[in-house]
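Since every read-out is calculated from the coordinates, none of them should be taken as a lab result. Keep in mind it's a predicted model, so treat the numbers as computed, not measured. So basically every Cβ, Gly included, is an ideal-geometry build from the backbone, and we count neighbours across all protein chains shown.
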Amino acid sequence: MDVFGIISWLMLSAVGAGVLAFLLFCCYLQYIHMKFDHIPGPPRDSFFLGHFPSISRKSDDGGTIYDLLLEWAEKYGPVVRFNGLHTVSLIVTSPEATKEFLMSPKYPKDPLIYDTLGTLFGVRCLGKGLLTDRDYDHWHKQRRMMDPAFSRTYLKGLIGTFNEKAEALMEKLAENADGKTEVRIHDLMSRVTLDVIAKAAFGMELNSLNDDQTPFPRAISSVVKGMYEQRIPFLKWLPWKRQLVKDAQESVRLLRRTGKECIQRRKKAIENGEEIPLDILTQILKGAALEGDCEEEMMLDNFVTFFIAGQETTANQLAFAVMSLGRNQEILNKVQAEVDEVIGCKRDIEYEDLGKLQYLSQVLKETLRLYPTAPVTSRLLENETVIEGVKIPANVVMIFTMYTVGRTDKFYKDPLIFDPDRFSPDAPKSHYTYFPFSLGPRSCIGQIFAQMEAKVVMAKLLQRYDFELVAGQSFKILDTGSLRPLDGVICRITPRRNTHTSK
């Protein structure tokens, strides 16, 4: 056989192999469809793409995937099949199933999502920290080590830091509190929550509220955006995404390098018997010493996790709270009246004051019902089971989204209305339909920290200022992995009449 014949034979063989592989994939896809098509769900847009075109259309219309999941849940019931390429996931809105699968440690997190977050375009990011560690025993050891640092008793000692940084925000707002200047609330909330987590958790003074040159706000935004975009197959190799990938890689390296320096300084200070701050890092290092486990990479994983999660989600909640109050004047007046009664003209808010701000707590809870900043969690079902009478095959991912459940009229009357009275002490409770911090053993370790911080910031803001939303905003939601206000919540700020603060 001559050279031309050999080349022709090789080309035909390659084409034949390609056709065979394609046919085998089609057969596999058909098998997957047959295996799961008894589960209720919308018709697939495409044999190969599944429901991805529907998601794309919803995004083009200004919605989010969670709006689409809500539509499907309302139409098809508590268990809905979702096809994406060759995989099937289930959207689960049953409270009983939510209790079973989130409250029990038997069901591991979804590897497709959480293993992906471990690295960011090839650079270790969240690694095997508390959020991403799928090995329950290893995770439990970490959690046991870190729980004391996030206990309510320990967090009481951080109230001074919350006050200090919230006061810095009030001073920043005063610069533009003329009733004319437009203030982008989300940007300021992002900066103050960054300053809080840096100081309260790691003893770092970033002063990002007043220092436009600090790289950390941009680094966190870059990492969050990269984590969201990384879900797109082969994105790392797309020429027009090279800068995004490079920025995300450099940003996560900056965070891990900063964390390493911070941890090493603190360890050295402890070894030298120096006076050290009573922050979360100190408590974690004490816990690690007691456990005999000071693995640096794991500690860096959690440094990045706390830095990002502790800043991003609370900033988004605060911005959504301001947006919701600005759209509901009667509720704003009521919560301001409570703050006036409890806080008066005090400059510093005491820990005991937080428990008395009952209506403000309801406002913050209602904000997370409508706008859960961490909207989704998932579990892997490894064995066949039955949910709400539907037979579920093994090895399928279950998606639990607070956004979908929180906006379902089966669980919340007039769900799109912002009504803090849903969470009043005497209101009827709908169990296992409210989980903005997840539920069970894998619930967010920082939820008490986050809500203490949110209360202090909001109480000071409501005490000092009136605000009105600038007309023309869409009030739409931007999904970047966490949910944030698309337009940034643009307000005009004015000092409240007849209010002052005392030391």
- Message: Could you derive backbone 3J(HN,Hα) for the range 169-182 from the dihedral phi with the Karplus parameters 6.51, -1.76 and 1.60 (θ = phi - 60°), listing whole Hz in sequence and x where the residue is Gly or Pro?
- Response: 5, 4, 5, 5, 5, 4, 5, 10, 8, 10, x, 10, 5, 7
- Place a label point 7 angstrom from the Cα of Leu24 along the Cα-to-Cβ direction, then list the residues of the range 79-95 whose backbone nitrogen is under 19 Å away. 86-87
- Message: As a test of the formula, what do you get for the chain when each DSSP H run with n ≥ 4 contributes -39,500 (n - 2.57) and the sum is divided by the residue count, at 222 nm and rounded to the nearest 500 deg cm²/dmol?
- Response: -17000 deg cm²/dmol
- Message: If you average the C-alpha positions of the range 265-322 and of the range 29-88 separately, how far apart do those two centres end up, in angstrom?
- Response: 40
- Message: If I model a spin label as a point 7 Å beyond the Cα along the Cα-Cβ vector, how far apart are those points for Thr119 and Arg152 in nm?
- Response: 4.2
- For the range 158-187 the trypsin sites (Lys or Arg not before Pro) that pass both the DSSP coil test and the at-most-14 other-Cβ-within-10 Å test are Lys180
- Likely footprinting exposure, Lys156, Lys106, fewest C-beta neighbours within 10 Å first: Lys106, Lys156
- Item | the range 91-196: radius of gyration over Cα atoms, expressed as a fraction of 2.2 N^0.38 Å | 1.55
- How large is the charge dipole for the chain, taken about the Cα centre, if only the Cβ atoms of Lys, Arg (+1) and Asp, Glu (-1) carry charge, to the nearest 20 debye? 260
- Message: Could you tell me how far the Cα centroid of the range 454-494 sits from the Cα centroid of the range 427-449, in Å?
- Response: 24
- Roughly how compact is the range 421-489, stated as its Cα Rg over 2.2 N^0.38 Å to two decimals? 1.44
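Calculate, for Ile417 and Lys268, the FRET efficiency according to 1/(1 + (r/R0)^6) with r their C-beta to C-beta distance and R0 60 Å; round to the nearest 0.05.
0.65
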- Task: Report, in degrees rounded to the nearest 10, the 0 to 90 angle that the Cα long axis of helix 447-464 makes with the longest principal axis of the chain.
- Result: 50
- Query: Mean projection of the alpha-carbon convex hull of the chain over all orientations, in nm²?
  - Reply: 29.0
- Query: In degrees, nearest 10, range 0 to 90: what is the angle between the Cα axis of helix 65-76 and the longest Cα principal axis of the chain?
  - Reply: 70
- Message: Using Cβ counts within 10 Å as a stand-in for footprinting exposure, how do Cys125, Cys26 rank, fewest first?
- Response: Cys26, Cys125
- Query: So for Tyr351, Tyr228, Tyr107, fewest C-beta neighbours within 10 Å to most, what's the order?
  - Reply: Tyr228, Tyr351, Tyr107
- Task: Could you pull out the GluC sites (Glu not before Pro) across the range 328-417 that fall in loop regions by DSSP (anything but H, G, I, E, B) with no more than 16 other Cβ atoms inside 10 Å?
- Result: Glu350, Glu382, Glu384, Glu388
- Task: Kindly provide log₁₀ I(q)/I(0) values, in the same order as q = 0.13, 0.19 Å⁻¹, from the Debye equation applied to equal alpha-carbon scatterers of the range 241-285.
- Result: -0.42, -0.64
- Note on the structure: Length-normalised contact order of the chain, Cα under 8 Å, at least 6 apart, in percent, tallies to 22
- Task: Filter the cross-link list Lys128/Lys455; Lys180/Lys455; Lys156/Lys455 down to pairs whose alpha-carbon distance in this structure exceeds 22 Å.
- Result: Lys128/Lys455; Lys180/Lys455
- Proximal aspartates and glutamates relative to Lys35, as straight alpha-carbon distance under 13 Å, when same-chain residues fewer than 8 apart are discounted: Glu384
